[in-house]
Structure formats: structure tokens, C-alpha cells
Amino acid sequence: MKYIVSLKDQRMVEQGKDDQLGGKAASLMKMCAAGFPVPGGYVILSDAWDGVVLKKGARKELAYLMEKLPGKYTYAVRSSAVGEDGEEHSFAGAYETRLDVPRDGILEAVENIAASMKTERVRAYAQNRGSKEGKIAVVIQRFVKPEMAGVLFTADVITGSSAKMVGNYVRGCGEQLVSGAENGQEFTFDAMYYAYHGEEEMKPYARKLYGYAVKLRNRYRRPMDIEWAVSGGKLYLLQARPITTLKRFDRDTYQINGSLSGEYLFSKTNVGEIFMCTVSPATYSVLEMICELIGVPDFIDNICGQAYCNISILCSLLVSFGFSKKKAYEIISDIAGSIPEGVEIPVFPYDRTAFLKSIGKMMFGKKVKFDEEITNIPKKEFESRMGEIGDRLIEGIRRQSSNQKLKKYWETHCNAYLTRVLTAVMMSLSLKSLLKTRQQIIGIAGEELANELCSNSSQNGVLESMKPMLALEDVMDGKLSKEEYMKHYGHRSVNEMELSCPYPYEDPQYLEERIRQHKESGICVHKMKEEQSVKYRKAVQEFKKNYPSKAGWLDKKLNAFAKANYEREKVRSQAVKLFCLMREFLLKASQLNGAGDGIFMLYFQETLALLDGDRSVLEKIPARKQQYEKYRSYPVFPNIIVGRFQPEEWMNDENRRVDLWRAGGMVPARADIKGYAGASGTVEGTVRILRDPSEAAKLLPGEILVTTATNIGWTTVFAKAAAIITDIGAPLSHAAIVAREFGIPAVVGCGNATQMLHTGDVVRVDGSTGVVTILE
């Protein structure tokens, strides 16, 4: 067995052998592979030790290495314990370090480093931080005798703000600075647009250090703590680790709070409509995987079990392509929702090259060539058959009879399907037409007429989110069989992307209950749709009468808008089959291994490991289940969160708000109720607040529905409502789109409606201006 490897040897990292490398060595290897200026060296693996004594074979390898090393240099010998210099614990200064060691002193230095693993300070650090004293590896690097050395933090270690990078340096060796014995000279960088503020002697190296810091932050996708040195006029990087005070995720226990990893703006708009219940570990691991594949890691983040969009990531990405912060937000505002006045979106340097590479790899990279039908089927045909293929794969999963067969089936067939579905989602959505058309019409004819004109996508076919309601009436009229209904719409539900939640097709009584409820309502959605189509045609006539020179332009724009809206909804509906497939896979894995509902407490990769025979992953279920249940007890968090959010502090605040939470001070709360003009029309009526569509029976015909957010699972409730008001939403959110199609006045994205209104209040809803007025 080989006990000593070069820092340039990438095989250990590629094979995931971080437990043999330790945190420091694993990080240095990754930096070497990425081309950062790291002093050359070697690592003695953690398997080389019997306790703190080198094994005979390892001692022999070290002796050979010492003979080979140039005698004209001296060396730095440092610890690389498992867990050291990681996201959770740094162990800074806990282990021994030996610098400027001559070649013949390396063995003694190595033994001293290993012996430090048993010191009281290491034991105390581990106990205080709730970590374990693990195995140790040792790094041997050529010592670069520094003219100056220091540290650089790519974000504020307290607030997490990425607006400014803060560093310190000393003349000579930086060990005194790192250990805290010396403060050193401070310097800063403007994180977005390089601007150095500090001593003149540091300036010749500042821009290069800034460039390395930006690349490291993007590579690790975390705020970083970087150790560096200047020797012989050259800048070297000695170590880089995540800033441990900005820890966001304990994977063992599912303690997760994405807001702790930096200063970002998080929004529930759109994602809060998709994930309306607590996100399970299994589901979140899939979201992580999807975000990685599409090149925007952590875009969908997790704050104590509740899903958020990290708007700072999206805006930072657009800024990296040359847009201003203001323009970047304007581009996405129709899908991201409104930002309260006085609140800024924090942005940070974003690596657009990595994003483009990820997109290119997913769309045009080498395809997995196992299931020929999935990999070779033409794009358009695949999109039209996406649901059918998903159903075929589900049947295949149900037939698997062993762990080995199930895992092979997933890797052979389902992985290829996953990649193609995500590619279809990315390539089929033409958001340009959706984002621009409505704003352009508003600029010409005003918001009320624009909403009417953007209310009819049926010229390209009925929107997918409306089909379950319309098809239900077709079943009642004998035009569609119950079997056909469940085949086409049995996968659509309130929590359709939460893997732990059953789908309607799993419930034999689902359709009968839906039919009973609809009969009792006395509503005819076909009639509502036709009435709205009449309004739409009148709106087109009005526009062309008032702006005759724009008649042809309008036809072109509305056709493009309707097509984009239809395709967006169609692909979304088809893509849900991917989540059905994943749920069926997890259920089968649970059945084969006796895991019960605990399977949803495992991350997806852990389930694959379970199928490989690693039953130790099952030991993680109780702790995660406990944390998950705690998250389920939490109320819905604010629509917008800026900075580091602590749920318990917010919940204990008598004046807590549901529209906004901002670290470092709030902006004044609005006294009015105003949101986006979701669907035109004015209605006066009585408020009914519902928290969940299961409460639909409480809504009386003609009442005004007020809720946090809606999705396709709420569509059956819409038909009974005289108007709709939501906290979360934007012009292209579910509530706005479906309300426009059915002709129901709606105001969406108010932020504070469920807090300001109460069941029984009488209000006026003006869906043309986005204003809600309390009458009594």
C-alpha cells in the first residue's frame, strides 16, 4: 500500500478519499488541480499511522522521500486532520506546525505533528465544537520564506456580507497572525469591482490576490478564509477553507439554514408556490443535484426546511454578463416578485464561465448511452413523450426484485431520463416573451388592458394548470374515462415535487372525492373559461381600435406570449413525472430494505449507497427525523429574508412580519395592502383566509380567498372564489396566470395580506391596480 502521495496526484480527491487526506491536504490538492500557486509537496495519509506512530511501510516511504527532496530547500510540516480546515471546524492553531524545517529534520517534525493529536488543546477544541478527534494526515511542503504573509476573508465573518473582502498581513512569517498572536495590517477589497484599500507595500500583489479569492469563492461556493504569502516577489496560496462562522448545513442531522452562509436576499416567490410544505432531506438532495446540473448551485436554498430562491445568486449571475444590478432585477422581477422599497439585493462576484460550462455539458455534452430510446430519441419527440416514458420507467422500477437490480435499473435507464428532462426544461422555456410582452403592452395601453390581453393561452391549447379542473367536468359529462383522467392528471397535486408526499394516483378514492366536491360547488369551469375568452376578444378589439398601427405587432406578441406560457406550463407538468419516478424509486428501495418512511430522511446518494449494501446510512434517520419534525412545527417564514435569519428569534418577536425580515434593521412596514395586478376586475366581498387547500370546504361561493400562496393543487378552490389575494406571487406566478384564464380578479404578491386581513373582513379587490381596500 502507498502511504505518501504528491499534492499533484488527483486520484485521491477524484475517488473521494478525503478521510485519508484530511481537510487541509484535500483542499490543497483541489487548489493544485485548479492551477492556483500552491507550494509543491506531499501528504502522509491517515492510514499510515498506528495511533501516533508511523507504520513500518510508511516510515520506509518517508525515508525514501527525504532522500529525494532537494537539500537546498527547507520545508513546512503541517497537520491535516480529518475534519480540519473544513466547513464545520477549522481547528486553527490546535495542532502543531513546524516551519523552515531542514530535510533531515522532517521525520522528527512529522512525529511531533502526529503527537499533537493527543494534546489537551485538540481535545478541548473538539469538545467545545461538538466534533470528534479523528485520524490525522501530515502535509510536507517546500517552505516559502515570506517577505509578508496574511489571511483574506472573502466575506464579513460576522454578518456574512460579500460586499467587502477583509484581510490582514504581517511582515515575515504569517503564523503569528493565523494563531492570533499578532493583529497585522488591515486591507480591504470591494468584492464586486476590484478596489484596494490598504498599505502601499501590499498593492503590487493586491489585484492578483483578489483574483484568486474570487475564483476560490466561486469554486467552493462558500465564503472563504484564505492564507497566503509573498516570497521572492511571488504570491503563493498556503491554504483555503470555508469560513466556519458562516456554516449553513450539518448533513448528518439535517440542521440547515442557507441564510447563515452569507448576506443574500432570499425570496419565496415561485419556489414557495411549488414547495408549500416542509422540504424533506431526500427532496432537498435532489434540488441540490438539479441546481448543480444547471450551473447555479444553491439557487434553490433551504432555510430550516422551507424552500427559497436565492435572488442574489441570480442577480449576481446577470451582473457577471454585464447588466447593472438594477437592470438585472428588472429582468427577473415578473418571476421573482417585488422587493420592498429601501431593500437592496446583495450581489457578489459570480463565475459565469463555470455556469456556461455546466449548461453546455448538460445540453450538449456526452450523453449516457445505456437506454437507447431515451438517449437517441429526437428532442421534440422526447418532449411530447416525456410523461409516457416516465410511466414506463416507473413500471420498470416496480418490477425490480433486489438492491443490485434496482440500482442498475436507475443508473442504466433513469439517470439518462433525468438528464434529458432537465435539458428539456432548460431549452423549452422561452421566458423572454413572458418577461417582456406584458411590460411592453402596459407601456402602451396600461396594466388593466395588458392583463386582459395576457389572459388567453388557449389559442395554443389549454394551460396544463387548468386541465385538471376542466377534465374533471369532462369525466362528469362522460367525455373522459376515470382511468384516462388519472393517467394524465394523477401526478398533479399541491405537494407534487415533495418526494415524501403521496400523489393522487396512489389514492383509489381521490377522483371520486374530487367529483363529489365539484358537484356540491355548483360551479362550471368551462363556462367561466368561455366568459373569459369573450373578455379577451373584446380586449383585443379595444386595443386595435385605440392603436390601429400596432394591430399586427399585438398579434405577433400575443401569439409568442401564449406559446411561451403554454410551453412553460406543459414542460412543468411533464417534468413532475421525474419526481414521481424518484418517489417510486425511493419507495421500492424502502420496501427492499425495510426502511419505511425513513427513506425520505436519506439523501438520494445515500439511498444509492444503501442499495450497494451500506446499511450504516440508516443510522442517520432518527436524528434527521427529529430535526425534520421540528421544522414541520415552524410557521411559514417571511416571503423575503435578507441576511442571517434565526427562526426562533423571529418567532418570539411580538411584531414579527410575514412580508420581510432583514438583518441589521428593518424598513418601515406598509400600512396598505398592495401587490401585483394579477388579473383585472373589481370585486367587493367577505374575506376567507385558508392555510391549505384541505380547508376548501370552508370557502363559501362568492367569498374572497386570501392565502400565502397557491399552486395547481389550489385550482379546484379558485372556481368558488369571487377574488384571490396572496402574500407570495408575481405576474407569472400560478395564482395570476390561472386567475386571468378564469376571469377571477386577483392581487398577488402583497407580502402582508394574511397578516393584515382576517376572516370576515369586507374588502374591495381591484385586480387592475393591485390594491386591496378594507371596507369594514
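Just a few scattered comments:
- Comparison of L62, L28 shows that the only residue that is surrounded by 16 or more Cβ atoms within 10 Å (Cβ to Cβ), within 17 Å of A109 (Cβ to Cβ) and of a type outside the set (F, W, Y) is L62.
- Scan of the range 520-555 for residues that are more than 19 Å from G681 (Cβ to Cβ), exposed (fewer than 11 other Cβ atoms within 10 Å of the Cβ) and at pLDDT 90 or above, ordered by number: K545, P548, S549, G552
- Strands (runs of 3 or more DSSP E) (entirely within the range 1-101) containing at least 1 residues that are touching a helix residue (DSSP H, G or I) at 6+ places or on another chain (Cβ under 6 Å), of a type in the set (K, R) and modelled with pLDDT of 90 or more: 97-101
- On the stretch given as the range 629-645, residues that are in contact (Cβ under 8 Å) with a residue 12 or more places away in the chain and open to solvent by 20 Å² or more (accessible area, probe 1.4 Å) total 5.
- Which listed residue is crowded, with 20+ Cβ neighbours inside 10 Å and either at pLDDT below 90 or outside any loop (DSSP other than H, G, I, E, B) (or both), from E227, E186, E182: E227
- Among the conditions (1) aliphatic (A, V, I, L, M); (2) open to solvent by less than 10 Å² (accessible area, probe 1.4 Å); (3) within 30 Å of S633 (Cα to Cα), A328 misses just one, which is (3).
Let's see how each residue does on (1) open to solvent by 20 Å² or more (accessible area, probe 1.4 Å); (2) not in a loop (DSSP other than H, G, I, E, B):
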{"site": "S465", "(1), (2)": "no, no"}
{"site": "L472", "(1), (2)": "no, yes"}
{"site": "K479", "(1), (2)": "yes, no"}
{"site": "H488", "(1), (2)": "yes, yes"}
{"site": "P502", "(1), (2)": "yes, no"}
{"site": "P508", "(1), (2)": "yes, no"}
{"site": "I515", "(1), (2)": "no, yes"}
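- Residue match in the range 154-174 (condition: open to solvent by 60 Å² or more (accessible area, probe 1.4 Å), of a type in the set (K, R) and in a helix (DSSP H, G or I)): no
Yes or no, residue by residue, for (1) in a helix (DSSP H, G or I); (2) buried (at least 18 other Cβ atoms within 10 Å of the Cβ); (3) modelled with pLDDT under 90:
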| site | (1), (2), (3) |
| --- | --- |
| R392 | yes, no, no |
| Y417 | yes, yes, no |
| T423 | yes, yes, yes |
| L434 | yes, yes, yes |
| R438 | yes, yes, yes |
| I444 | yes, no, no |
| Q459 | yes, no, yes |
| V462 | no, no, yes |
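- The test for being modelled with pLDDT under 95 and either in contact with a helix residue (DSSP H, G or I) (Cβ under 6 Å, 6 or more places away or on another chain) or in a loop (DSSP other than H, G, I, E, B) (or both) holds for S493.
- All told, V525 falls short of being out of contact with any helix residue (DSSP H, G or I) (no Cβ under 6 Å at 6 or more places or on another chain) and not charged (D, E, K, R).
- Among the candidates Q626, Q517, Q574, the residue that is modelled with pLDDT of 95 or more and not aromatic (F, W, Y) is uniquely Q626.
- Candidate set from the range 243-276 (those that are in a loop (DSSP other than H, G, I, E, B) and more than 23 Å from E606 (Cα to Cα)); member that is farthest from the chain's Cα centre (by Cα): I243
- Looking only at residues of the range 365-384 that are part of a loop (DSSP other than H, G, I, E, B) and among the basic types (K, R), we find that the one that is modelled with the highest pLDDT is K366.
- Filter result for V296 (crowded, with 23+ Cβ neighbours inside 10 Å and in a loop (DSSP other than H, G, I, E, B)): no
- Residue list for the range 723-776, restricted to those being of a type in the set (D, E, K, R) and either buried (at least 22 other Cβ atoms within 10 Å of the Cβ) or assigned to a helix (DSSP H, G or I) (or both): D727, R740, E741
- When the range 594-630 is filtered for residues that are part of a helix (DSSP H, G or I) and among the hydroxyl-bearing types (S, T, Y), the ones remaining, listed by number, are T607, S616, Y628.
- When A677, A697, A669 are checked against the criterion of being of a type in the set (G, A, S), outside any loop (DSSP other than H, G, I, E, B), touching a residue at least 60 places away in the same chain (Cβ under 8 Å) and open to solvent by 20 Å² or more (accessible area, probe 1.4 Å), A697 stands alone in meeting it.
- Residues in the range 746-758 that are over 32 Å from the mean Cα position of the chain (by Cα) and closer than 27 Å to M466 by Cα: 0 in all.
- K203, sole failed condition from (1) in contact (Cβ under 8 Å) with a residue 12 or more places away in the chain; (2) open to solvent by 30 Å² or more (accessible area, probe 1.4 Å); (3) out of contact with any Ser or Thr (no Cβ under 6 Å at 6 or more places or on another chain): (1)
The values are calculated or read from the model by the stated rules, or taken from the named source; none is laboratory data. Since the structure is predicted, the reported quantities are computational estimates derived from the model, not experimental observations. Heads up, the Cβs are rebuilt from the backbone with ideal geometry, glycines too, and the neighbour counts pull from every protein chain shown. Just so you know, the surface numbers come from the protein's heavy atoms only, side chains and all, with ligands and any DNA or RNA stripped out. Shrake-Rupley method; radii C 1.70, N 1.55, O 1.52, S 1.80 Å.
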